[in-house]
Every structure is written in structure tokens, then in C-alpha cells.
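To start, the structure itself, in C-alpha cells.
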Amino acid sequence: MAYSVSHPAYFHNVHNLLLRYLNHHLDGGLKLFTHKGRRSQLRGRRSGAHRARRPPDSLPGARAPPAQPPRKQALDASWFDSGHRRPSRQRSARRTRPAPGGASSFQPPSLPPPPPPLFPKPPGAAARAGEGDAELEAAPGATGNRKGGGPPEPRGLRTTSWQSLARRRGTEEAARRRSAAHAAGPTLARLPLSARRSPVAEDVTGRASGGPQMMLAVLGATTLMLVAGAPWVLPAAAEGTNLKSPQNVEVYIVDDSCILKWSESDEFVSNVTFSVDYQIPEIDDWIKLPGCQYVTSTQCDFSSLQLNVYDEVKLRVRAEKGNDTSPWYEVDSFIPFQKAQIGPPEVHLEAEDRAVILNISPPGTQDSVMWAMDSSSFTYSLVIWKNSSSGEKRTETVYPRDKIYKLSPETTYCLKVRARLHVQRKVGLYSPVSCINTTVENKLPPPENIQIDSNNWNYIIKWDYKYENMTFQAQWLYGYLKKFPGKHEDKWKQLPDCENVKTTQCVFPRSTFSRGIYFVRVQASNGNNTSLWSEEKRFDTEIQTIILPPLINLKSVNGSLRVYIGAPKESENKSVDQPYRLTYEINFWENTSDTKSKILQKKTDFTFLNLKPLTVYCVKARALILEEKWNKSSDFSDTVCEKTKPGNTSRTLLIAGICIALLILPAVVYVVRVLWRCINYVFFPSSKPPSAVDEYFSEHLLKNLLLSTSAEQIERCFVIENTNTVSAAEETNHAGEDYKKYGSQTSQDSGNYSNEDENSGSGLSEEVLLQGAV
Amino acid sequence: MSVKPDVIRKCLWPACLVGLFIKGILSLDCNFLNIHLSRVTWQNLRLLSVMSNSFPIECLRENKAFELPEEILSHTQPVKNDIKEAFYEASVQAFNIFSQYTFRSAWEEKHLKQIQIGLGQQLQYLEQCLEEEEKENEDMKEMEEEGTKHSAMMVPRLSHLELRRYFNRIDNFLKEKKYSHCAWEIVRVEIRRCFYLLLKSMALLRRK
């Protein structure tokens, strides 16, 4: 019974040895007491069920006095027996149980020779510890680990200790025991196996009398246990007792078949079976997949589950052998629709001489769940090639029921088809290659080169035909029917106006077809033989649409012309709705002249301004569609002419002007008169000034004022001397007049009254004069 | 008429190539289609309103919240095509729904036909547009011969799954109620609402 280092039993064993060592070296003051107490507890519980206790008696020789062995043996045996009864309740433990004989062989009657080395473990002790471990781990072992791989064992054991203890009867004692242990042994309680170690810890601490030696020993034990326990955390490498979960787990979904595939992790292990569980979002539990429980094959088909293909689903798988189970391998949650691959479609072929008729069934069955919403959404692409030499491949997009044209007769063609879903970016698998021989050339070839035109009232189909004197007929089909797989041979309808026409063209009214896409085909016959159907020509009323010319309304308003463009009317007096944005081209000219002006505009109400009055103008218009890459124009409407009115506005102006003038004229005249009076008054006065003023002014003042020249004052002067000699006596008579007398010289001088100067020559004379005057 | 068969055979393969490719690509540009697409979709929306006279009041009891995933309608789409693809998915599912078991509804046959045609048209345009854009993308990347693996680019977006679940709920509701008239009415209103919200989001995105 060899255990690897990572076995949990190993840890326990080490612990046991340490404690044994410690006990051996310590004073056993409380030994007996604790031992007794423990034993009484055990006795009380013996009748009850087994539980996860570590009876202190399991430390053989630690406390038991030699006198006790038989009882201890009995106790141990009973404990072991009760433990052994458990496997029926629990799932198979991960480890095999030790042989029953192991227990009894476990207890050496006496202490091992002092001091036993801590690490080497006697197999007996290990076995004893091991079975306890196995019991504890049995119950939650199966359920405790959800994820695959080696579970961390401390965790498992921890849950074991809590869960298993809770589940078994008499949990209260265990709890009591545990709490006591916790109180007593804080250092050891740190370890994950504190619950299980509690009795031991209790013993240790109970026994310890608080000596520093004891504490040191405990610390040493702790570190050793930690070191020893470290490798325990590594995943167990059992010798053939641990199963690994399956590997390379993949989900393959093609159409409706959903398969989970995996491979064994270990090929050398035989008799391994597998189980698969699934889970869907609403239910939180894993559900067993029917039909995939304990199967030996490495794959599982879960198509029968009737899952909603748009909902997430989770799967998990594990391996089993006997009572062992591997951990679950969980596949990431996925949506079946997203993972699904489009399978190959089914192809049926029918040969003509120059064409092959295809009949493609969509992938999956008719009531496929995966493609339930896609039955008519698949687009198919086809690759076709001649089976012989060159074998050039050509790819084409086809409808489920379609024809491949322009082949040569009596040749083998091979083709393969695959379906696609564009939006989901799914490309399907190719169908298997199927080959077919085209037939012998037919006597009557089908009509070729079908063209469809239209005018205002009709559609015209034209085609070419080699031979003369044939009658033709045409059929049509709703375009959308092509998207459905299956036969629609019976859905073709006759074009009534094209039955048995003799010409290579056929005219039918526009009202035959409402808006939509249609297919048209033509067949020729000459009484006895009929040709095969021509190529199916696609015909879109939208593209063939005709714009009818608009209706024009002219109105002359006060010297301008107003143009109303109205919607065209069909022959039935029903107005046609023209949902395209139309641009109108208006041609506009004077009736007499030839020059036309063109205007492009979108409004339907338009005015020409500044026109000559009383002239005739003409207008015609046509509607255009000026979108990118699509020019369509209608015919010109009828020409409409209208005469402009004679300037109504000028006449009124004139009248108004006259009125105003009439009103203003008197005023003007009045003003003019006033002004004239003013002027007259100012410049040409008619009244005379008064007489006195007249007198005064008439002679002197007026003259003086108006006509005065500042002439020199003429003085009455008497000429005194005629000669140069002056006689003083003769001068005294004229005293009344203060006239100065001048010398002779002075009389000749005018204005020179200075005496001194003049007296130079005739000084005497002046003195005389002066004397005479005084 | 006097051409030798050998010459015909020689010319046939290139002709086939050209012919088949032309048929495949259908030579309609996506921008060009957008005009028609918007027209057709708004038309279908109107049809969804018109096909029933009025919502019967007694059906209000059976009304159920289908929980349209709101994240699809967010305006902060990193890729503009996301909402287009969501709209394509919604169109496909609506088309599927209206193509089956409509006999129990009290709608007129002509309206049913019109809505089927309309939705088919819508689908056709969207398919062509998306295919074209994908072809442009795939010119740069290698085409996978075997569709066994998903390439990095082909990662399905979670929002499409949410949309799928939404339509799955609608489907299940119809089945549960055994395609009764009330169930059809409720579904009609719901799909109309879904389309309207998607179209509005697309229009807002286009303006950005």
C-alpha cells in the first residue's frame, strides 16, 4: 500500500507522527484525563452512525495504556466496520479502499522506537489514515468538482469536512468538537484540515502545559506540515486510479445532425465509458443526455433533443471506468445555429439539347429544424464543366429551379452545387458531382434573343427565329416563385395577346402586369413540332417604366405667363402616380420667332416674366428622370400657345397719372402765380414814392446820390490881382467874406493854402494882407 | 448558315463564358438599384397598411411584445452595410412569413399577391446589391473552395442573430395561434413597424 507524496493520507500520517513525537517528549499530565474523556465520548457515540472523527485512540500507543488494547481494538474495529458500510450510500471514492485487514494491522501495540523520523511513514499508519480520508472524501468527491482536471484536494477535503459532516447524523457533536478544537488550537486550526485535526490538536494543546519548549515544538510541527503539505496541492498522479477527462472535445453540426466528438485521454485504459450532460439557459441543472450515458463510442448525437437552435446550450462529458469517474470536461456554451454548417444540397438534373434543367432541393430535410426559417433564403452557386479535355470550370448563381443555357448538344457536363446564406456568412458544402449528357439537337431550336420594350401604352416582346412560317406563344411567371424550391412548371401562365402569333414579336398592354418582376418565355411551333422553351427573360416593370408626358396649362396674367404642369392621365382617365422625382424640361418660344429657350426645373408651377405684351408665346414640356446612371425622358407634351395681355398695368398707370396730374395742376398753377407776383413785386414795382421825398430826391439827393461825382467845390473867388505887384489897400473891401487871398502864386495853385511857403517871394505882400485882414 | 461546326465549337466556350457571366452578374449597378429599392420598399410599406381595412379591436387582447432588437436601429453603425444586411434579413423573413399559410387570413387575394410580389422584388434588389458588393470585396480575398472553415472576415454578427430570434418569436407566435386571422393581423402590424424603423435608420445613415 504505497502512497505518493501528494496523497492526503500522507499529510495526516505526518501529522500523526509529529504528535506522537511531541507526546513522547512532553509531560503527559493531562494525558490520562483527555484520553478518558475522549473514550467516554467515543463510547457514547458508538451506537450512533459513523462520522468523521479522528478518535484519539487512533494514535496508537500515544495515550492508550497497554491495558487497553483489546477495547481499543474493538472500538477501532467497530469504527472501521461502520465506515466500511458506507460505500453503498456514496458514489465510488476516488481511491480504492484499503483492505479490511489493514485496520487491524494498523496499530502497533507500542510506541515506535523513539524518536521516529517524521517523514517515513509506516504503511500501517498510512493505511489507517487513508481509509478515513477516503470516507470523508467519498461523499462530495463526485459532486464537489465541477471543472475537469485535478481538483485541488484541500478544497475537496474542506468541503468534505463541512458537507459530509453536515449530512451525517449527529452533526452537533462534530460541531462541538470542532469548536473546542478551534478554541484550543489556533495554530493548527489554520490548516485546511483543521476540522479533522481538531481532536489531535485538542490533545496536543491540552497536554501542553504552556512550556516554551512545547510552543517551539508546535511551531516546528506546523512548518513541517506546511512544507510537507505543499506537494499535496499538485494534481494527483495516481497509479491507475484517477481517470482523466476526455480530450479534443469538439462540436460538429451539419444541417440537423449535431454531434459531439471527443477522444480518450489515455488510450491504454480499457473499458472506459462516457457520459454526456447538457444544460439550457432556463434550467440551472445539468440534464443527462439520453442515449449518451455510459457509451463506449467517442461521439454522441444530440440532435434528438429538440433544442431551440437559436438558444445557447452547454455540454459536458466525462469518462468512467467502473466506479471511477473523470472530472467533467465542459464545452463552452454555443448557439447551434451559429455553429451549424450548411450541408450539401440535393441536385436533380434533366437534359435538353442545349440546356440543362436544374432542380435543387435545399440542404437538410424538408422539416429541418435548423433551416426552418431559411427554406427560401438560400442562394445557390453552381460550378459546371465539360467532362472531357479542357474542363474549364464556370461558376454561376442559380435559382433552385433554373436552366443552364448555351451548352452544346451531345456532351457530358458535370456540375456541383452549394448553398449559401449571405447574411450569416455561411458557405455550404458542395454537393457530390453529378454528370449528365445533353441530348441530340432538337429539330426546332427555341427562339433566341428575347427583348422587351415598352411604350406609353404597351409592352413589346421581340425575338429572333431562324425559320419562317412559325407560330409562337409566350408565357409568363411571377418572379418571386423562382425563389421557392420545387416544381412551378404549372405556374406559368399564357400571355393572352401572344398566343399563336405569326410574327417574331408580340404586343400586349401595360395593364397586364402590375408592378413587379416577371419572367417571360417563348416557344415556336409549326403545327407538328414544337420547339423547346426559350431562355427565361427577366422583366422588371420598374425598369421598363415609361414616363408619360405631362399636361400643360397656360395662363397669361398681366403681361406674364404662368405655366402649370400637371400629372399625365392614362387613357382610363385615371391619374398615374409618378413616384420618381421628375425634372421638367420646358421649351418656350415666341410664336413668330424660331429661337427656343429651354428651362430645366422641378417645380410644377412656373411663371415667365417680362414678356412683351400682346404677343403669342408657345410652351411645350417633357418630364425627365435625371438620376445617376439612369436617364429616362418622356415624349414632349402637346404645344400650348397663349397670347399675352396688352399691358394692363401701363394703362392703369396712365389713368392714374392723369388723375394725379389733374389734381396737382391747379396747385401748381397757384404756386406759379404767387411766385410771379413776388418777382414782380420785388423787381418791377408799380407804385410811386411820396412827393416830398420825390422833391428831395429828385434834384439833389437823387442826383447826388445816384449821379454824383465828387467835383471840386468851386469857390467864389475874387481875383485880386492881375499883376504880380500887390497893393494892400485895395483889398479891405471884401471883409465879409472870409476868403483867403492868395498871392498870385496861390491862385494858380489849387488847394495850396500854406502861407509860409508862399511867402517867400512875396513876404511883404502877405504881411500886408494879414495886417489888413486883422 | 454555312458555318462549320468546328468553328462553332471553338467559339462556343468563350460565348458561353460571356453569356453565363452576363446572366450571372445581371449588369445592374447597386446605385441604380437603390432608386428602385427605396421606391419598392416604401410601396410595400404602404401595402402592408392597405391590405387590411383596419386592425380588429378584438385582436388587441392577443397582442404580444416581440421585442425588436433596438441595437440594430442604432445610428452608430460602424459599417454602413450592417443595416442593409439587417434589412435584407428582415425582408427575407417577411417574405417567408407571407408566403406560407396565408389562407387563413381574411385578406384579399390580390393584396396577398401584391405583397408577395413586392417583397420578392425588394429581395431581388437587395440580393443583387449585396452580392455585387461582396464580389468587390472578394476580388481582394481568396475564395474558399471548401466551405468548412469560417474565414476571419466571415464572422456572423451577433445583431443578426438577435434579429433572427425576433423573427423566430414571430414564427412561433403564428404557429401557436394556428395562423388565425388575429395572429396574422398582429404579425402584419409588427412587420410593418420593423420595416419602418429599419428604413428610417437607413435613411438617416445615408444622410450622414
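The values are calculated or read from the model by the stated rules, or taken from the named source; none is laboratory data. Everything quoted here is computed from the prediction, not taken from an experiment. Cβ coordinates were reconstructed from backbone atoms using ideal geometry, including for glycine residues, and neighbour counts include every protein chain displayed. Calculation scope for accessible area: heavy atoms of the full protein, side chains included, ligands and nucleic acids excluded. Shrake-Rupley method; radii C 1.70, N 1.55, O 1.52, S 1.80 Å.
Structure above, values below:
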| quantity | calculated |
| --- | --- |
| Count of the stretch A:262-305 residues which are surrounded by 14 or more Cβ atoms within 10 Å (Cβ to Cβ), within 22 Å of A:Met370 (Cβ to Cβ) and hydroxyl-bearing (Ser, Thr, Tyr) | 2 |
| Criterion: at pLDDT below 85 and at negative phi - qualifying residue of A:Ser408, A:Ser361, A:Ser381, A:Ser375 | A:Ser375 |
| Positions within the stretch A:422-450 being within 14 Å of chain B (Cβ to nearest Cβ), within 30 Å of A:Val520 (Cβ to Cβ) and not in a loop (DSSP other than H, G, I, E, B), in sequence order | A:Glu448, A:Asn449, A:Ile450 |
| Which listed residue, of B:Ile83, B:Ile8, B:Ile97, is facing chain A (nearest Cβ under 10 Å) and either modelled with pLDDT of 75 or more or over 30 Å from A:Tyr405 (Cα atoms) (or both) | B:Ile97 |
| The listed residue being within 19 Å of A:Ile450 (Cα to Cα), within 14 Å of chain B (Cβ to nearest Cβ), of a type in the set (Gly, Ala, Ser) and not in a strand (DSSP E or B), out of A:Ser534, A:Ser514 | A:Ser534 |
| Every residue from the stretch A:381-421 that is outside any strand (DSSP E or B) and either within 8 Å of chain B (Cβ to nearest Cβ) or touching a His at 6+ places or on another chain (Cβ under 6 Å) (or both) | A:Ser390, A:Glu392, A:Tyr405, A:Lys406, A:Leu407, A:Ser408 |
| Test: A:Arg515 is under 30 Å from B:Leu47 (Cα atoms) and either open to solvent by 50 Å² or more (accessible area, probe 1.4 Å) or among the aromatic types (Phe, Trp, Tyr) (or both) | yes |
| Residue selected from the stretch A:465-500 under the condition within 14 Å of chain B (Cβ to nearest Cβ) and farther than 19 Å from B:Ile115 by Cα, by the criterion modelled with the highest pLDDT | A:Lys493 |
| Considering residues of the stretch B:103-123 that are surrounded by fewer than 16 Cβ atoms within 10 Å (Cβ to Cβ) and at pLDDT below 75 only, the residue farthest from the chain's Cα centre (by Cα) | B:Arg104 |
| The lone exception for A:Val619 - which of (1) among the β-branched types (Val, Ile, Thr); (2) over 30 Å from A:Leu600 (Cα atoms); (3) surrounded by 13 or more Cβ atoms within 10 Å (Cβ to Cβ) it fails | (2) |
| Check on A:Lys612, modelled with pLDDT under 80, more than 55 Å from the chain's Cα centre (by Cα) and loosely packed, with under 13 Cβ neighbours inside 10 Å | yes |
| Failed item, numbered, when B:Asn53 is tested on (1) modelled with pLDDT of 80 or more; (2) within 24 Å of A:Phe378 (Cβ to Cβ) | (2) |
